[in-house]
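To start, the structure itself, in structure tokens.
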Amino acid sequence: MTGERLLIENGRLVSPGRELFGAAVEVADGRIAAVYEMGAKRPEGVEIWDAAGRAVLPGFIDIHTHGAGGRDFCDGQGDSLREIARMKVREGVTTFFPTTLTLPEERLSRALEAAAPYMAAPEFAKAPRVHLEGPFIHPKWVGAQNPAYVRAPNLEEVLRLNRLARVGLVTLAVELEGALELVERLKEAGIAASCAHSAATWGEYQRARAAGLRHLTHFCNQMTPLHHREIGLVGAGLLDDEVMIELICDRVHLCDEMIALVFKLKALDRLMLVTDSMAASWLPDGPAELGGLPVRVVDGVVRLENGALAGSTLRYHQALRNVVEVTGIPMGQLVGITAVNQAQSLGLDGLGEIRPGFAADLVVLNSAGEPEAVFVDGRDVLPAAL
């Protein structure tokens, strides 16, 4: 709605650091122009959108998603990213990082090349950067990644891909030869480094942190577990107060007790909800594929033929609802884990909060925590996404 003004009225505004009832958000030229508390004088001559008392949150930011609605980012097809973005909007996601798999560089290049036009001119959710998950991972900790394409850390490969579409995040195994240098060079290039699919020890993790490592990918999954004589990457994520950690809160990748433990031990501003969704998300149970590997979805859980978890069918709004149910923490306190933490850690300026000057990326949730409106740059894109 560029050039137009809109007033989202009568909402329960939930943004980091504040919760306002009966509030209004004024949108102009795709950005938030003003926030009005209950009783404050509203502008005249603007279009009114009535939130009817429902919760209005910053649009969700999913920095780890491989696909949805039968489409995989690595399909390398021109319309795949658009279709994934359309499905993500239905989850309340307004910004996402399409995420790769461990595949040959030729296939990765095709995927990024095909995605670049949508990334430059998004119709639904925005996709400003790509998340490279692999191929620089430990061959014994591949999980659902294809071991045939695991390879050594290679900065030039990352830079070649970055020239096709902007890379914002790289997940790698930090103990591999050349990994520390890659972490350092990624930092210089403005690309965040994260660790998973890794056999790293606490000592190796510390060296990676000193080199610039900032995140842990899908925490607890495909990383060295906590042990009383070697705390590994799981222990590192709990002990290090500064590192950011991704959480797949589908209650499968992390059991309820682990979710509760993480939220008890980690500050909320260090946590980031992700879906790690794959192509079968939003589809019924049955056979599917992930990066060329056959998988099967049973009761919404995706597994390889050997039983290993293979991404998820989790929808972002469900992840938030699960955390509320498991931890008992009010949504008003949890809102940061859905957007602003990701935005601040990854330099996504102007996203993640409801305040003047920020993008008018908003999700309106009903009492069941389901999206009923999703605004991207002030446009309600949900009707077109259904």
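The values are calculated or read from the model by the stated rules, or taken from the named source; none is laboratory data. If you're wondering where the values come from, they're calculated on a predicted model, not measured in any experiment. Note: ideal-geometry Cβ built from the backbone for every residue, glycine included; neighbour counts use all protein chains shown. The protein model used for the area step is the full one, side chains on, heavy atoms only, and it has no ligands, DNA or RNA in it. Shrake-Rupley method; radii C 1.70, N 1.55, O 1.52, S 1.80 Å.
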Is it the case that segment 152-160 has a residue that's surrounded by 23 or more Cβ atoms within 10 Å (Cβ to Cβ) and in contact with a Leu (Cβ under 7 Å, 6 or more places away or on another chain)? yes
Looking at segment 131-150, can you tell me whether even one residue there is buried (at least 23 other Cβ atoms within 10 Å of the Cβ) and out of contact with any strand residue (DSSP E or B) (no Cβ under 8 Å at 6 or more places or on another chain)? yes
Residue hits (segment 123-161; within 19 Å of the chain's Cα centre (by Cα) and within 30 Å of Ala359 (Cβ to Cβ)) are Glu123, Phe124, Ala125, Lys126, Ala127, Pro128, Arg129, Val130, His131, Leu132, Glu133
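Return the residues of segment 206-228 that are part of a strand (DSSP E or B) and over 12 Å from Glu175 (Cβ atoms); say none if nothing qualifies.
His215, Leu216, His227
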Tell me, yes or no, whether segment 362-374 has at least one residue that is in a loop (DSSP other than H, G, I, E, B), crowded, with 20+ Cβ neighbours inside 10 Å and touching a Phe, Trp or Tyr at 6+ places or on another chain (Cβ under 7 Å). no
Among the residues of segment 1-31, how many are farther than 14 Å from Gly53 by Cα and acidic (Asp, Glu)? 3
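Results for (1) surrounded by fewer than 17 Cβ atoms within 10 Å (Cβ to Cβ); (2) out of contact with any strand residue (DSSP E or B) (no Cβ under 6 Å at 6 or more places or on another chain), shown as yes or no for each residue.
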site	(1), (2)
Val174	no, no
Glu188	yes, yes
Ser198	no, no
Glu204	no, yes
His215	no, no
Cys220	no, yes
Pro225	yes, yes
His228	yes, yes
Ile231	no, yes
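Would you call Arg185 of a type in the set (Lys, Arg) and either in a loop (DSSP other than H, G, I, E, B) or touching a Ser or Thr at 6+ places or on another chain (Cβ under 8 Å) (or both)?
It is false that Arg185 is of a type in the set (Lys, Arg) and either in a loop (DSSP other than H, G, I, E, B) or touching a Ser or Thr at 6+ places or on another chain (Cβ under 8 Å) (or both).
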Inter-residue pairs, beta-carbon under 9 Å, first closer than 14 Å to Gln333 by Cβ and in segment 262-274, second of a type in the set (Phe, Trp, Tyr), 6+ apart: Leu271/Phe219; Leu271/Phe263; Leu273/Phe60; Leu273/Tyr316
Strands (runs of 3 or more DSSP E) (entirely within segment 245-357) containing at least 1 residues that are modelled with pLDDT under 95, in contact with a Gly (Cβ under 7 Å, 6 or more places away or on another chain) and open to solvent by less than 30 Å² (accessible area, probe 1.4 Å): 286-290, 293-298, 301-304
